[in-house]
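Heads up: the structure comes next, in structure tokens.
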Amino acid sequence: MAACVCGALQKKPSEGSPIVYDAENRRYRLEVMPGIVVDDAKCIMCGGQGIGIRDRMCNCGSVQQWAASEDSPVYKDQGNGLFTLRWHERPDGKTPHYAIWYCPVCGGRINDD
Ligand SMILES: [Zn+2]
Ligand SMILES: [Zn+2]
């Protein structure tokens, strides 16, 4: 299964992207926080399914688990109900936040209902 079909995941290192390409293993890698690393990460924008497609829903619960742990950079945005990844502060002082539409572990769509 493709890790990404929307083009958000790049093999070249791109500024600020939380998911980086591991050329040696030909996989994408997401370090959620120290101790939690997804070695074969799927795109959080499309899950390898396509933007907005709900063919497969997440059934592993990883994102919910991360959000439940203290000091986690993953949280549920109370405004839009989406799980969100707070990423590292950039040199310009801004901290990017990424909505997690698809589970990076299983590629399933996160239920945002
Ligand atoms: Zn994608
Ligand atoms: Zn999942």
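Where a number appears in this text, it was derived from the coordinates with a stated rule and is not lab data. Since this is a predicted model, take the numbers as computed values, not measurements. Heads up, the Cβs are rebuilt from the backbone with ideal geometry, glycines too, and the neighbour counts pull from every protein chain shown.
Phi-derived couplings, Karplus 6.51 cos²θ - 1.76 cosθ + 1.60 at θ = phi - 60°, listed residue by residue for the stretch 106-112: 10, x, x, 5, 7, 6, 10 Hz, with x used for Gly and Pro.
If I model a spin label as a point 7 Å beyond the Cα along the Cα-Cβ vector, how far apart are those points for GLU31 and ASN111 in nm? In this crude spin-label approximation the distance works out to 3.3 nm.
What is the spin-label model distance, in nm, from ASP40 to LEU82 if the labels are put 7 Å beyond Cα along the C-beta direction? Distance between label points: 2.7 nm. Reducing the stretch 51-98 and the stretch 10-45 to their Cα centroids gives an inter-centroid distance of 15 Å. For ARG27, the amide hydrogen comes within under 5 Å of the amide hydrogens of ASP22, counting only partners 5 or more places away or on other chains and with H modelled in the peptide plane.
Determine the sum of side-chain charges near VAL105: Lys and Arg each +1, Asp and Glu each -1, restricted to other residues whose C-beta is under 11 angstrom from that of VAL105. Once all neighbours under 11 Å are counted, the net charge is -1. What the phi angles of the stretch 33-45 give under the Karplus curve with 6.51, -1.76 and 1.60, with θ = phi - 60°, is a coupling list of 6, x, x, 10, 10, 9, 7, 10, 7, 9, 5, 7, 8 Hz, glycine and proline written as x. Working note: Karplus 6.51/-1.76/1.60 with θ = phi - 60° gives the stretch 82-89 the couplings 9, 5, 9, 10, 8, 9, 6, 5 Hz, where Gly and Pro are set to x.
Computed over the chain, the per-residue total of -39500 (n - 2.57) for DSSP H runs of n ≥ 4 gives a 222 nm mean residue ellipticity of -1500 deg cm²/dmol, rounded to 500.
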